[in-house]
Amino acid sequence: MSDPQERGAWSSKIGFILAGAGSAVGLGAIWRFPYYTGENGGAIFTLAFLICCFFIGYPVMIAELTLGRNTQKNPVGMFKKLAKGGGWKWLGGLCILSGFTIFAWYSIIAGWVVGYLYKTAIGTFSEVRDANMISSMFDQFSASGVTVSSLHALIILMTAFVVYRGVKSGIELLSKLLMPLLFLLLILLAIRSITLEGAADGLKFYLYPDFSKVSGMMILKAMGQALFSLSLGMGTMITYGSYLSKKENIPVSAAWITFFELLVCILAGLVIMPAVSAMGQSYTEGPDLIFKVLPSIFGQMPGGYYFGVGFFVLVIIAALTSTVSILEVPVAYFVDEKHWSRKKAVIFVGFIAYLIGTPAALAHGASDFWSNLAGIKGGFFTIISTVFGDISLSIGAFFIAIFVGWLWGVEKATTEIKSEENGITVSEFPIKKYWSFLIKFVAPVTIAIVFGYTMWKTFIGL
Ligand code: TRP
């Protein structure tokens with residue numbers, strides 16, 4: 001995609017929105033959002049998440065797309081071009097590093113989904129009704145190092161193949177067709193889940209905020225999740241913006257992408273939370289949550305076998321349209337800045353991501369050392385997915401907001417957003433005032449306070 005001939009080549013407005021939504025909608029919504037919600041107090045977390053999406057995520061998405069379209073570059077190249085010296089290219093470097101690392105751990109979970117597709121397809125869950133048994137089946141699965149590592153490799157290979165061949169033809173078309181199916185299936189599953197016996201508790205947990213659960217860490221996680229699920233803070237939207245034509249209306253496209261993403265998050269919560277209480281599982285199960293709950297839902301609906309298989313296929317595709325957008329960032333960097341061939345860049349990044357990911361893949365029971373590292377549940381996996389997945393994205397988004405709001409400046413950004421040429425405006429920008437207030441003040445100040453406070457509490461502990 002960083003082939004200059006392909007620049008600006010999203011085929012149409014809807015093509016771009018779907019590509020952006022394809023990046024955004026993925027495991028972040030279907031797997032991570034439910035388990036973060038479960039771990040961080042339910043409805044109150046969802047509320048904090050929504051607030052962060054509106055006041056931080058959406059304005060930062062506009063900023064990233066604008067930077068990308070203006071410079072037609074990857075994050076490092078973009079800062080080199082616009083910032084002229086200073087430490088800004090290091091921020092670009094952080095984006096690239098996050099790209100490697102997020103790709104490394106994200107593809108482990110995508111590998112689990114492939115494993116679960118296989119298990120569902122061969123009927124492993126067909127006869128099992130006991131929720132505890134389903135739960136221990138997952139523990140066994142995630143602790144089998146060889147299987148999990150092989151599936152991890154498989155996802156990296158599939159993503160590498162797509163990124164190497166170019167994203168347009170295959171996967172984009174596929175995601176256009178399958179995205180509506182994913183919505184439909186989630187709605188059906190939500191209905192099944194809400195009508196399960198014992199679902200009321202889960203619904204209450206998900207819909208009635210408990211204000212006693214507010215904490216710095218909870219808000220940091222909500223902020224991290226907002227950035228993560230909207231693919232912000234590491235340059236994916238900068239890179240995607242660099243393929244965007246001057247005709248497109250950035251704020252409107254960004255609004256659609258945000259809307260689709262939120263819809264999937266909210267639906268995924270509606271599928272999982274009621275089922276957690278109905279199955280007597282624990283909300284704070286962590287990364288295992290959806291894998292311990294979903295097979296039970298499928299087991300208790302007519303045609304559940306087909307729903308199960310269909311669901312996991314769709315989630316794999318949703319995950320692939322996201323992994324592609326993650327891998328694309330470091331690859332675009334090596335191609336543009338280091339003049340590597342696309343093939344070399346893809347092989348290098350994929351290989352390193354596999355190495356970084358391996359200890360994380362073993363951190364779910366396969367290796368005691370990696371599973372309990374630093375006394376944290378989920379050990380190495382939890383550590384890298386928090387550092388590169390919440391913290392690094394918050395840092396990235398903070399500096400992108402500062403850069404666009406104060407250094408490059410709201411006026412230049414506005415000119416780019418409106419694509420003014422010879423006094424003719426292509427896109428109106430009615431929310432300019434609102435956006436500039438958010439990007440200059442609300443986003444950076446909120447991130448700084450939440451981040452500073454949480455780091456202070458965690459490491460200094462007062
Ligand atoms: N947003 C994707 C998801 O929710 C993951 C993703 C893609 C991402 N590109 C990103 C996360 C860039 C952070 C930064 O599944």
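Determine, yes or no, whether Gly57 is of a type outside the set (S, T, N, Q), outside any helix (DSSP H, G or I) and more than 17 Å from Lys246 (Cβ to Cβ). Let's see the steps before the verdict.
Working: of a type outside the set (S, T, N, Q): yes; outside any helix (DSSP H, G or I): no; more than 17 Å from Lys246 (Cβ to Cβ): yes.
No, not satisfied.
Pull up segment 1-23, narrow it to residues that are within 19 Å of Val331 (Cβ to Cβ) and modelled with pLDDT of 80 or more, then point me to the one that is farthest from the ligand (Cβ to nearest atom).
Ala19
Determine if segment 393-404 includes at least one residue that is part of a helix (DSSP H, G or I), away from the ligand (no atom under 16 Å from the Cβ) and surrounded by fewer than 24 Cβ atoms within 10 Å (Cβ to Cβ). I'd like the intermediate steps shown before the answer.
Going residue by residue through segment 393-404, those that are part of a helix (DSSP H, G or I) are 393-404.
After this cut, where a residue has to be away from the ligand (no atom under 16 Å from the Cβ) as well, the list is 402-404.
Next, from what is left, pick out any that are surrounded by fewer than 24 Cβ atoms within 10 Å (Cβ to Cβ): 402-403.
Within segment 393-404, one or more residues are part of a helix (DSSP H, G or I), away from the ligand (no atom under 16 Å from the Cβ) and surrounded by fewer than 24 Cβ atoms within 10 Å (Cβ to Cβ).
Please count how many residues of segment 275-291 are closer than 17 Å to Tyr36 by Cβ and either more than 16 Å from the ligand (Cβ to nearest atom) or of a type in the set (Phe, Trp, Tyr) (or both).
10
Pick from segment 220-243 the residues that are assigned to a loop (DSSP other than H, G, I, E, B) and not aliphatic (A, V, I, L, M): which of them is nearest to the ligand (Cβ to nearest atom)?
Ranking the qualifying residues of segment 220-243, first place goes to Ser231.
Inspect all residues belonging to segment 209-225 and state whether any of them is touching a helix residue (DSSP H, G or I) at 6+ places or on another chain (Cβ under 8 Å), surrounded by 22 or more Cβ atoms within 10 Å (Cβ to Cβ) and charged (D, E, K, R). Write out each step before concluding.
Of segment 209-225, the ones touching a helix residue (DSSP H, G or I) at 6+ places or on another chain (Cβ under 8 Å) are 209-211, 213-214, 216-225.
Then drop every residue that is not surrounded by 22 or more Cβ atoms within 10 Å (Cβ to Cβ), which leaves 219-225.
From the residues that got through so far, the ones that are charged (D, E, K, R) too are 221.
Scanning segment 209-225 turns up at least one residue that is touching a helix residue (DSSP H, G or I) at 6+ places or on another chain (Cβ under 8 Å), surrounded by 22 or more Cβ atoms within 10 Å (Cβ to Cβ) and charged (D, E, K, R).
Tell me which residues, restricted to segment 26-40, are more than 7 Å from the ligand (Cβ to nearest atom) and of a type in the set (A, V, I, L, M, F, W, C).
Result: Ile30, Trp31, Phe33.
Name the pairs whose Cβ atoms lie under 8 Å apart, with the first residue in segment 66-80 and assigned to a loop (DSSP other than H, G, I, E, B), the second among the charged types (D, E, K, R), and 6 or more positions between them or separate chains?
Pairs that qualify, where the first residue is assigned to a loop (DSSP other than H, G, I, E, B) and the partner is among the charged types (D, E, K, R), are Gln72/Arg7; Lys73/Lys80; Lys73/Lys81; Lys73/Asp336; Asn74/Asp336; Asn74/Glu337.
For segment 277-369, give me every one of the helices (runs of 4 or more DSSP H) that falls completely inside it and has 1 or more residues that are closer than 30 Å to Lys80 by Cβ.
Once the helices (runs of 4 or more DSSP H) in segment 277-369 are filtered for at least 1 residues that are closer than 30 Å to Lys80 by Cβ, what remains is 304-337, 342-361.
The values are calculated or read from the model by the stated rules, or taken from the named source; none is laboratory data. Keep in mind that what you see is a predicted model, and the values were worked out from it rather than measured. Backbone-built Cβ (ideal geometry, glycine too); neighbour counts: all protein chains shown.
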